[in-house]
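The values are calculated or read from the model by the stated rules, or taken from the named source; none is laboratory data. Because the structure is predicted, anything quoted here is derived from the model rather than measured. Cβ coordinates were reconstructed from backbone atoms using ideal geometry, including for glycine residues, and neighbour counts include every protein chain displayed. SASA here: full protein model, heavy atoms, side chains in, ligands and nucleic acids out. Shrake-Rupley method; radii C 1.70, N 1.55, O 1.52, S 1.80 Å.
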Amino acid sequence: MDVAADATGQGRPRGSEFVFARLRYDSGDWDYNPKVAANVLNSVLEYTTIPVYPEEVVITASSEELLSFPFLFMTGHKLVRFSQAERDRLRTFVEQGGLLFSDDCNHDVEGLFARSFEAEMKAAFPAGGEMPRLPRRHAIYRSFFVFDDGPPTTSHELNGWGDEIVHDYLRAVRHRGRVGVLYSNKDYGCEWDYDWRNKRFQREDNTRFAVNIVVYAMTS
């Protein structure tokens, strides 16, 4: 569902429902990993009692409806560039309690997505856009499942397309002690981009950390 389009047969999300909102931005491949939303929504339903809206919502940073959502996902490989109005709106989104989860499909600290996204965060958050590393004991690693070693490793970090580093940290912009922007070089999007019905073939469900992010966004 695109909030710029007419409402679908599902109707509008209820205020109590978790909505998987994806950020559409003009400069890059924002629509990569199209199965992530369905997979994450299935996990939230499976593990928690949080009601969910069953469709992905696509929204731009300039949309007046952005502030209606507590969670926003973005991904891609290419350039990230926002207008000043979009930066201002994203800053307001964070200041009002929203969480932007940005996942770099390049899993590369020197890649185009990484460098341009970091520059955009510095422009959007002049006082706190440096995105320091999150400590392994941060609440997001214990908001539902417990990850004692910090962010779980993905199977894509050493596949030859990135910097060949297993990143043992995530980074964040915080507002009043709360994570407002969670930034990953680990390529969770590719890790979670499969039909949710195939989870039964996995030894351990690799979307469990997505549940932590959702619970943190909905409760902190």
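Worth pointing out:
- Total residues in region 31-45 satisfying the condition of being of a type outside the set (Ser, Thr, Tyr) and crowded, with 17+ Cβ neighbours inside 10 Å: the figure is 9.
- Inside region 86-115, residues that are assigned to a helix (DSSP H, G or I), in contact (Cβ under 8 Å) with a residue 24 or more places away in the chain and either open to solvent by 40 Å² or more (accessible area, probe 1.4 Å) or farther than 25 Å from VAL40 by Cβ (or both) make up a count of 7.
- In the set LYS199, LYS186, only one residue is within 17 Å of PHE73 (Cβ to Cβ), out of contact with any Phe, Trp or Tyr (no Cβ under 7 Å at 6 or more places or on another chain) and either basic (Lys, Arg) or outside any strand (DSSP E or B) (or both); that residue is LYS186.
- Residue in region 60-69 that is aromatic (Phe, Trp, Tyr) and either assigned to a helix (DSSP H, G or I) or farther than 19 Å from ALA21 by Cβ (or both) present: no
- Qualifying residue in region 204-215 (condition: within 30 Å of ARG89 (Cβ to Cβ), in contact with a Lys or Arg (Cβ under 8 Å, 6 or more places away or on another chain) and either at pLDDT below 95 or in a loop (DSSP other than H, G, I, E, B) (or both)): yes
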